[in-house]
Amino acid sequence: MTDNGLAKAVQQKFQSSMTEHYRSHLDGTNINKKSMLTTDYLNHFSGVLMLIEMLPTDPETFAEDVLDWSPLSYEEHFEVTGFRDKELAVKAYEHAPVDIRQAFDGVVDELNGTLVGLLDEIRSSMEQQKTDQLVEFCSQMTPQVRDLISQAADIVNEGTSNVVELSTAMDQESSDAAQDEIDALFD
């Protein structure tokens with residue numbers, strides 16, 4: 001075995017040992033033992049989604065709170081939350097199985113991108129006082145945001161990375177069509 005191969009084997013063994021170490025501390029917490037993630041992080045997205053859904057009913061009341069939202073990493077979320085096991089949640093995330101964490105992070109990246117784009121459009125609609133456009137845009141985009149939150153929750157709760165692959169393959173065409181409709185609204 002080469003030095004590089006040996007180093008890689010040692011690194012994998014260490015990662016596996018750390019994963020099992022943190023997994024052994026998850027009993028009695030809201031952290032999924034298989035995925036080593038918690039849905040508490042998804043509250044960051046669910047809260048803004050709820051505000052976006054209410055925004056068309058009273059833009060003046062909800063706009064400031066909606067537009068104050070910004071992406072937070074998993075670690076950043078737990079720095080500012082009152083989650084009881086926040087330190088353990090961050091350590092478990094750091095040592096989660098690589099495939100699960102990559103799938104989860106991929107959905108979170110897509111969710112952040114979608115929400116940032118949505119907030120840009122909301123800001124523009126508010127500045128231009130285009131309430132009809134705001135209502136239409138919010139109603140078209142909230143199902144996509146809700147679906148991404150659901151995908152992330154499935155990864156956390158199921159502890160598998162293939163949840164995203166199956167969902168993404170099935171929804172790619174409908175997602176592209178929805179984006180085309182949204183783009184047409186702003187042309």
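The values are calculated or read from the model by the stated rules, or taken from the named source; none is laboratory data. Not measured: the values here are computed from a predicted model. In this analysis, Cβ positions are derived from the backbone assuming ideal geometry, glycine residues included, and neighbour counts consider all displayed protein chains.
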When the range 51-77 is checked residue by residue, the ones that are within 18 Å of V108 (Cβ to Cβ) and either among the hydroxyl-bearing types (S, T, Y) or surrounded by 15 or more Cβ atoms within 10 Å (Cβ to Cβ) (or both) are I52, W69, S70, P71, L72, S73, Y74, H77
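Restricting the search to the range 73-121, which residues are of a type in the set (S, T, N, Q), more than 18 Å from K34 (Cβ to Cβ) and assigned to a helix (DSSP H, G or I)?
Correct list: N112, T114.
From E158, E165, grab the single residue that is exposed (fewer than 15 other Cβ atoms within 10 Å of the Cβ), modelled with pLDDT of 85 or more and closer than 26 Å to A92 by Cβ. It would help to see each step written out before you state the result.
Values: E165 fails: modelled with pLDDT of 85 or more.
Going through E158, E165 in turn, the sole match is E158.
On the given criteria, is F45 part of a helix (DSSP H, G or I), surrounded by 17 or more Cβ atoms within 10 Å (Cβ to Cβ) and free of Cβ contacts under 8 Å to residues at least 12 places away in the same chain?
Answer is no for this residue.
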Taking the range 94-132 and the residues there that are surrounded by fewer than 14 Cβ atoms within 10 Å (Cβ to Cβ) and acidic (D, E), the one that is nearest to the chain's Cα centre (by Cα) would be D109
Among T61, T81, T57, the single one that is in contact (Cβ under 8 Å) with a residue 24 or more places away in the chain and polar (S, T, N, Q) is T81
Condition set farther than 16 Å from R84 by Cβ and in contact with a Gly (Cβ under 7 Å, 6 or more places away or on another chain), scope the range 15-37, selection surrounded by the most Cβ atoms within 10 Å (Cβ to Cβ): answer is S35
